[in-house]
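Undergrad: I am attaching a structure below and will ask some questions about it afterwards.
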Amino acid sequence: MTEPHEARRICLTEKPEAAAEFFRRQGLDPQGLQGLLGAAADAGERGRSETVELQDAWGRSTRTELYVPPSEDDRPQGLIVALHGVGSSGAELEPYLRPLADACGAVLLCPTACQPVAERGNFDLAGLFGSRFREARWTTDPGDFPVRALRWAREHLAIDANRCALVGTSMGGIATWGTASRRWDSLAMAASINGAPSIWERFGPDRTMRELLPNLLNLPFTVVHGARDQQIPAVLDKEAVTELKRLGHREISLVEVPEGEHKLSTMDIAPGNPQFDAIVRRFRRSRRAPWPAHVRHHARESENGRAHWVAMDGLASGRTAAVEARAVDRTHLEARVHGCSRLRLFLSDRLVDPGRVLVTVNDDIREIDFRPSLADAVATYAEAGADPGRMAHMVVDVEVPDIHDEEGMPC
């Protein structure tokens, strides 16, 4: 039988039909393949520290520090992808967070940011550093290193894909807020240290941030901020946490460090301190639950339009699209959608039974025949960034009908 690491390589490098035929000859069906890809048969990563090369979606490489804590058993560990601040690097951040990785029982992966591939408005950082900011920086593009680090770890390491976290400081904290609010379904939790959802909130409401903030209701989150931070005011984090609690978030907390300034060295991220222990507690009790029966998601870009088993595509420019989808039972899916023209449904027998499935989108009812496909399983595993928790057994595209108001006019 093919080993898990070899199965992952085949899914990520071969064409879906060719890979499907290989696994078919191995006697695997889509459910068996999903189990193999998520298996821990190659678990037991040895404790070590090394530098690896990580590639982004455009083929660029960056030096990335990998730290694997010693483990007393062969169970796969969780993962922390750590994002540094402006002018720093993964190599500089890694020593600060090693004790955190040890306490969490998690592999630590610290990439180093690069300049964005294309010139773009420095919207996330210009409010802090000015429009002439030219330092390397993180972006929320799924091809950039924060998301690619998650993929690399799932592909190459024996980690638990349902116990992955982002932890960022300063610019990395801003990136953690931004990435987590778009890709929350890939994570078990997130933590921001001296970051903020948006620097632009210093000058007025940031519409994008405020419209994506509800996505974080789905994700456990720990926020740490220095009370003496003069670079990114703690009030930005405080206001966001207050708003999320008002919206009903029960797994978000803010720890303010009285003597903490902006530099990480002043924040005392060490065992026994509240700011350290809060992150560890959150990580240890958080675990992603794939294939939830109820999904709510907002998106500004098609590349971030997916959450678990539903994805929005054909988004209207300059608008935020939203979907609320649920499995009514094992034979019926229902969704309310606006702001996009197409909906993709990622089906699995963990959500619905093979055979006749009713799909209701904006009150329009249709019937589909769910037939699990090995080729779809392979393709969606690759598209989901080597995440077995987001691979599907069949993909269905649905045109989104208009929602009509009480007078019958489309809205």
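The values are calculated or read from the model by the stated rules, or taken from the named source; none is laboratory data. These numbers were taken from a predicted model, which means no experiment stands behind them. Glycine gets a Cβ as well: all are built from the backbone with ideal geometry, and neighbour counts include every protein chain shown. With ligands, DNA and RNA removed, areas are computed over all heavy atoms of the protein, side chains included. Shrake-Rupley method; radii C 1.70, N 1.55, O 1.52, S 1.80 Å.
Undergrad: Given the protein chains as shown and a 1.4 Å probe, how many square angstrom of residue 46 are accessible, to the nearest 10?
TA: Residue 46 exposes around 150 Å² with every protein chain in place.
Undergrad: Additional query: Quickly rank 171-178, 85-92 as a protection proxy: mean count of other C-beta atoms within 10 Å, highest first.
TA: My ranking of the peptides, most packed first, is 171-178, 85-92.
Undergrad: Assuming 0.36 nm per residue, please report the length gained on full extension of the stretch residue 74 to residue 287 beyond their Cα-Cα distance.
TA: 74.8 nm
Undergrad: Any chance you could run the full-extension gain for residue 336 through residue 227? It's 0.36 nm times the residue separation minus the Cα-Cα distance, nm to one decimal.
TA: Full extension of this stretch gives 35.0 nm more.
Undergrad: Calculate one ³J(HN,Hα) per residue across segment 289-303 by plugging θ = phi - 60° into the Karplus curve 6.51 cos²θ - 1.76 cosθ + 1.60, and present them in order as whole Hz with x for glycine and proline.
TA: 10, x, 6, x, 6, 10, 10, 10, 8, 10, 8, 9, 9, 4, 5
Undergrad: Under a crude label model (7 Å from the Cα following the beta-carbon direction), how far is residue 328 from residue 350 in nanometres?
TA: The modelled label-to-label distance comes out at 2.5 nm.
Undergrad: Would you check the accessible area of residue 141, probe 1.4 Å, heavy atoms only, in square angstrom rounded to 10?
TA: Surface accessible to solvent at residue 141 totals approximately 40 Å².
Undergrad: Non-local amide H neighbours of residue 191 (under 5 Å, H modeled in plane, Pro and chain starts lacking H): which ones?
TA: Result for residue 191 returns 166, 167, 168, 222.
Undergrad: Another one. Taking amide hydrogens as modeled 1.01 Å from N in the peptide plane, which residues meet the under 5 Å criterion relative to residue 338, leaving out close sequence neighbours?
TA: Answer set, sorted by chain and number: 322.
Undergrad: Find the accessible area per residue for the chain; the probe is 1.4 Å, ligands and nucleic acids are left out, and the unit is Å².
TA: 43
Undergrad: Same structure, new question: Taking a probe of 1.4 angstrom, what is the accessible area of residue 263 in Å², to the nearest 10?
TA: 150
Undergrad: Tally up the carbon and sulfur contribution to the accessible surface of the chain as a whole percent, 1.4 Å probe, everything protein left in place.
TA: 47
Undergrad: What's the Cα-based Rg to Rh of the chain, Rh via Kirkwood?
TA: My calculation of the ratio gives 0.97.
Undergrad: Return the whole-Å distance between the Cα centroid of segment 60-80 and the Cα centroid of segment 377-400.
TA: Between the Cα centres of segment 60-80 and segment 377-400 lies a distance of 26 Å.
Undergrad: Let me ask something else. Among 206-215, 67-76, what's the highest-first ranking by average C-beta atoms within 10 angstrom per residue?
TA: The most tightly packed comes first, giving 206-215, 67-76.
Undergrad: Pulled fully out, how much extra length does the chain show between residue 15 and residue 239, if you take 0.36 nm times their separation in residues and subtract their Cα-Cα distance?
TA: Extra length from residue 15 to residue 239 when fully extended: 75.9 nm.
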